[in-house]
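Here is the structure we will look at, set down as structure tokens.
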Amino acid sequence: MKKYIVILAVLLMTTVSFATLTYDGTYYLRNQSTQYGGGKSNAIYLALEEIESLLGGSEGVATIVFTPGTQPTGAEGMVYYDSAGNNLKLYTGAAWVDIDVAGASSLSTAYGIGSAVTVDTDAITLTTTDAANNVALAIAHAETGNYSAMTIASAAAYPALAFTTTGTGTDVTGTSASWNVTKAGVATFTGIDVGATDIVLENDEIINNVDDDVIEFDGTEDFEIDLSGTNIIKFSSDTSAITLEFDTLDRLTGIEDITFDAEAANITLTADAGAEDLTISQAGAVDASLILTSAGTGTDALSLITTAADISLVSADNITRTAADNITDVTTDGGYTLTIGGATNGDLAVTVADDASVIAVGSLTLQNTEAASDITINSVLGSIAIEAEEDAANAILITADGGTSSTLKIHNDTGTNAASILLLSDVGGITATASAGAIVLTATGASAGDMTLSAGDILTLTSVDTKIFDGAAAETWIIEGTANDHEASIVFTDPTADVVYTFPVAAASTLSVMTSTLATNAPDIANSVTGGTSTLIFEGSAVDAHEHTVTATNPTADIVWTLPDAGAMTVSFMASTLATNMPEVVNSVTGGTNQLIFEGTADAFETILTATDATADATLTLPNDSGNLAYVADGGKTTKDATNAAIPLTDAVVEGTSGAASAWSLADGKPGQILTVVIVTDGGEATITPATSTGWATAILTDDIDTITLMFADAVSGWIVLGTAGDGTNMVALTQ
């Protein structure tokens, strides 16, 4: 490169000098005249002087001036030094260009001069600017033979090729970006072909297959993992991989322990043909065992489950089941068959140190098929409990059906308490039924043979004919109630003729007998009160054909007549000429709480006259005249703003705020309604215009406390003025 630059500079200088020296005929004549005239100058002197002036830039053609003041006018082949860019410029005939790219092949020319470049001091640096956006060095190798595009030979102890990437790109990217090596040292390849050397992983690194591809050992190559010391082979996944598949691998040998992660795990053989058994065996004929253990704490800590067929346990000797707690055999859909021995050795002995439970989802049968042999259930020191939880009739059924002499006997031959045999039903009843015979309850004990029938609620005796007889002239029934000194007695006097007391059929309800303090109370007996058809009959003191009768008509809904506690006084019902006078009945007048309620049309709306609680006697007198009663609205008072709108009629008093010229309309009220409008905030004046009125057309309220009181007579007369008030300055102005 240096040789090339020196030669180029000499050629340029020589060429330019030759081309621009101007020693021609004119200079020759001048030289001759000077020489003949005795002057100092001669041809050589003039030429040197001209070269000096050209190189100095004081005169001559600008192409030889190396540091001109400004860029000269170009002519093809002209050269000058650009002090601003610190480089030589060559005019190509079209433009000034840097002389190092003038031929666009300077490196190629240098390479043609000599193919070796010696770097004596600093490295050769190729630099591109950010704006250039070009490749700094591109090698295009057109050789199709077995020659490399670039060879790097290094005898140093440092890398032959080093990369320093400060951007986000990779250090090396392969053809079509199919592989790369990042600046962090992570290499991505489409495949690795390992020859005689090994793949060595240092610093706990990992072979990571991120694209769900296959790491394969094919052909006749063996796959061997050789570990020394206490190293561990670990298969792990951070993407929820849960399967280690061996495909056609048939055997795993030399394994001592298999330990699973702390989560659910399976050992599964999915057979697709018969006899493809999964066998877990201990094959050594020595004192060794096949042990299935579980440290689980649930009820299924160790489970043997089949989903389609049987479980077979076969032993060449004994089968022993030992449990620190209970052993439970459950059949969820089928029987339980236990066959013991042969014809001569078939005894079954079940001995438990604590409780024994036999639980069946289906039926459980204890059956003895041998004649004259009994089934005995004996609890020597405890109780026997038979419990059925089925919600059905005959949940517990004890049947004796051996023949006509069969007896079902419940016998207690040692108990001495009052309930030595107890039939108890906590929430239901107890029924004793003899379909073809009698039921005999006999008490012949030492307590005088008493028999007690005790009912917490109702005692029912059902028979074609029931007789209770104690041999006395006056038959007495005693009902105890609470266990104390008081009872209720029913006494039947000795009848002289047949007397029938009939309890008629009634709907499902609770009834009682109408009682009387009159011991002789009966129809047509003096002072008796008896019943008739929806009637109470008061006989009176004289037994005759005249009685007081209270009759209730047939109701269409429940009606309750209540006689309140009136104290020591005589009261009567509110009479009415309306025969149907009742609440919610058309045109009825009924009473409420301090109220008279006028129904009018039978609907949800009534007129109610209510009296407040009086602190002294108060009398309201209705005059002897016809007309409407005046009233005030129930709402109290409300407000009206200055806007032009209607005065509200919901309240008795309206407090208004007037504007500069407020216009308030007044709609028709209800007959007898009294309304007062008062100005509380004066902002000008307010004009009230009624829809219907008598004696006035408008009312103008101008000042605070200006007040007008009105009453609505009816739809014809409308609003009439009852009175006005003011502060004495500007009174309420009425217009006709």
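Bear in mind these aren't lab numbers, they're just calculated from the coordinates by the rules spelled out. Every value quoted in this text rests on a predicted model; they were computed, and no experiment measured them. Every residue, glycine among them, receives a Cβ derived from its backbone with ideal geometry; neighbour counts consider all protein chains shown.
Among 483-493, 537-547, the peptide with the highest mean count of other Cβ atoms within 10 Å heads the list, and the full ranking is 537-547, 483-493.
Multiplying the residue separation of Thr694 and Val427 by 0.36 nm and removing their Cα-Cα distance gives an extension gain of 87.9 nm. Among the chymotrypsin sites (Phe, Trp or Tyr not before Pro) in segment 577-647, those placed in a DSSP loop whose Cβ has at most 11 other Cβ atoms within 10 Å are Phe605. Computed on segment 685-736, with alpha-carbon pairs under 8 angstrom and 6+ residues apart, the relative contact order is 40 percent.
For Phe538 and Asn624, the FRET efficiency from 1/(1 + (r/R0)^6), where r spans their Cβ atoms and R0 equals 51 Å, is about 0.80. Rounded to the nearest 0.05, what FRET efficiency do Asp329 and Leu292 give with R0 = 22 Å and r taken as the Cβ-Cβ distance? Could you check? Efficiency computed from Cβ-Cβ geometry: 0.75. The gain in end-to-end length when the Thr709 to Ala483 segment is fully stretched comes to 73.7 nm, 0.36 nm per residue minus the alpha carbon separation. Modelled this way, with points 7 Å down the Cα-to-C-beta line, the labels at Ile375 and Ala400 are 1.6 nm from one another. Pairs of Cα atoms nearer than 8 Å and 6+ residues apart set the relative contact order; for segment 591-736 it is 16 percent. Take 289-300, 170-181 and order them by the average number of nearby Cβ atoms within 10 Å per residue, most first; the result is 170-181, 289-300. Distance between the pseudo-spin-label points of Thr657 and Ser83 (7 Å out from Cα toward the beta carbon): 9.0 nm. Subtracting the Cα-Cα distance of Thr556 and Thr166 from 0.36 nm times their residue separation leaves 130.3 nm of extension gain. Within 9 Å, Cβ to Cβ, of Asp727, how many net charges do the neighbouring residues add up to if Lys/Arg are +1 and Asp/Glu are -1? Residues near Asp727 contribute -3 overall. Between Val585 and Ile267, the modelled label-to-label distance comes to 9.2 nm, taking each label 7 Å out from Cα in the direction of the beta carbon.
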